[in-house]
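See structure below.
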Amino acid sequence: MNYRNIPRLIYKALRQPGYALRVFVVRLIALFFYWFGKGKAFCPEAITFFLTYRCNLSCVMCGQNNSRSNSKDAKQDLTFGLAENVIKEVSKFRPNITLFGGEPLLNKDCFKIIYQIKKSRMHCLVITNGALVEDFAESIVNSGLDELNVSIDGKGELHDRIRGMPGLYDKIIKGLNKIADLKQKGNKNLPLVNIQCTATKYNLEHLEELLDVAPLASADSLTFHNLIFTSSELMDKQKIVDNELKCKSEYWNGFIFDPGFDGEILNKKFRLIRKIWKEKVKTGKFFSLDFYPNFTSKELEEYYRKDFRTKGTCLSPWITAYVFPEGDLRPCLNSDYSFGSVMDLGFNSSWNSEQALRFRRLLKNKSLFPGCIRCTELYRY
């Protein structure tokens, strides 16, 4: 378990104690299965439904924009019927459900799926680019959604330029304030609104401005994400593993680029952000601040070096699963390796299928695969 994630878990515990307790218990059990389960896994803590490959933006730093959204399956959405079957099957152990994409709000059944998740008494989070938040504000508040994660990369025109849509920033702020007003009128605390900002060469000089954006957006928290990127060298090494597993990791190709800055510069910027945030808290403008992965200064600087090699182990396939529009249950967003089809086998049979055991055993034997080195899932658990 990554102990530097403890502050974030404590914050979750204060805001959502039942959720945090379940997370803690399930992760302890998952760790036991990692060491002694011989490839088998306990019930997953989290399941991500990939609602659609489609997206209404063209973000300059997005690896999916350069790979997955251009695939042959780009127009396929996860159907309500498929989602409903999985939800009913997994409701016995109540995992946390994340709705992702593409842009999940483009799926016409998105809110039907949220209603079904909440009807089954499970925690639900939506990750969105925010372009449709204003249009669906009432549905978002009335759905019972627990958390809404919205991407904002900077103030005003900077965000619009990065995301490729003029006027988007203002539209997002209006939408989030509309959600805040609806929550207040309905005497509701949910959904919690989390602003997500990925540090890139395009917004590096302006990251601290997000500290002004969070209160404007009525956000409960602000998280700065480190950039996900890889290299052709690592992907060549990944192909050796893929050949052994008889799969492909082509979705990583969209992340082959140089970040355009080094960790030392970002480290200084993060220190400045922490300092400004502490001053804002003193004035009563409180929202939680997080950095993900939560590196030490030394680790942050190493992460952005070309020769970076981590000694970590990936626990993700023992803790989380991804359900894709075509019905595949996968251990990873950027590999097409499948544990099985939830349409044919169901979720539970796929989760501990022979394919799943084979994948986990090989991963445990190697600690991690070459493509995992800068995958942020490596640092989540």
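The values are calculated or read from the model by the stated rules, or taken from the named source; none is laboratory data. Just so you know, these numbers come straight off a predicted model, no measurement behind them. In this analysis, Cβ positions are derived from the backbone assuming ideal geometry, glycine residues included, and neighbour counts consider all displayed protein chains. Accessible surface areas use protein heavy atoms only, side chains included; no ligands, DNA or RNA. Shrake-Rupley method; radii C 1.70, N 1.55, O 1.52, S 1.80 Å.
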Query raised in the report: For the chain, what % of the accessible area comes from carbon and sulfur atoms, probe 1.4 Å?
Result: 53
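In terms of solvent-accessible area of protein heavy atoms at a 1.4 angstrom probe, what is the ranking of VAL241, VAL281, highest value first? It would help to have the intermediate numbers written out before the result.
Numbers: VAL241 10, VAL281 50 Å².
Final ranking, largest accessible area leading: VAL281, VAL241.
Packing-wise, with mean Cβ within 10 Å as the measure, how do 364-371, 282-289 rank, highest first?
Values: 364-371: 17.1, 282-289: 13.6.
Peptide ranking by packing, descending: 364-371, 282-289.
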Query raised in the report: Taking amide H positions as placed 1.01 Å from N in the peptide plane, with prolines and chain starts having none, which residues 5 or more places from THR52, or on another chain, fall under 5 Å of its amide H?
Result: LEU78
Query raised in the report: Quick one: which of LYS246/LYS364; LYS185/LYS285; LYS119/LYS188; LYS118/LYS155; LYS201/LYS275 span more than 25 angstrom between C-alpha atoms?
Result: LYS118/LYS155
Requested in this report: Take the alpha carbon gyration tensor of the stretch 173-239, find the square roots of its eigenvalues, order them as a ≥ b ≥ c, and report rounded if a/c is under 1.5; if not, report prolate when a/b exceeds b/c, else oblate.
Outcome: prolate
Report summary line: Hydrophobic long helices for the chain, i.e. whole DSSP H runs reaching 20 angstrom or more by Cα along the axis with Kyte-Doolittle mean at least 0.0, come out as 17-36
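Counting each DSSP H run of 4 or more residues in the chain as -39500 (n - 2.57), what helix-only mean residue ellipticity at 222 nm follows after dividing by all residues, to the nearest 500 deg cm²/dmol?
Working: 14 runs with 153 residues, N = 381.
Calculated mean residue ellipticity at 222 nm is -12000 deg cm²/dmol.
Suppose R0 equals 22 Å; then what is the FRET efficiency for ASN56 and ASN177 from their Cβ-Cβ distance, rounded to the nearest 0.05?
Details: r = 21 Å, r/R0 = 0.95.
The formula returns an efficiency of 0.55 here.
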Report summary line: So ARG274 and LYS38, fully extended at 0.36 nm per residue minus their Cα-Cα distance, gain in nm 80.7 nm
Query raised in the report: Which order do PHE347, PHE255 take when ranked by solvent-accessible area (1.4 Å probe, heavy atoms of all protein chains), largest first?
Result: PHE255, PHE347
Report task. Under a cut-off of 12 Å between alpha-carbon atoms, report the aspartates and glutamates in cross-link reach of LYS38, not counting same-chain residues fewer than 8 places apart. Result -> GLU354
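Taking the Cα centre as origin and putting +1 on Lys and Arg beta-carbons and -1 on Asp and Glu beta-carbons, what dipole magnitude results for the chain, to the nearest 20 debye? Don't skip to the answer; put the middle values down first.
On the way: 56 positive and 42 negative charges, 255 e Å.
For this selection, approximately 1220 debye.
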Report task. Run the quick spin-label model on PHE308 and ASP212: label points 7 Å from Cα toward the beta carbon, then report their separation in nm to one decimal. Result -> 2.9
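By average Cβ neighbour count within 10 Å, what is the ranking of 28-41, 123-136 from highest down?
123-136, 28-41
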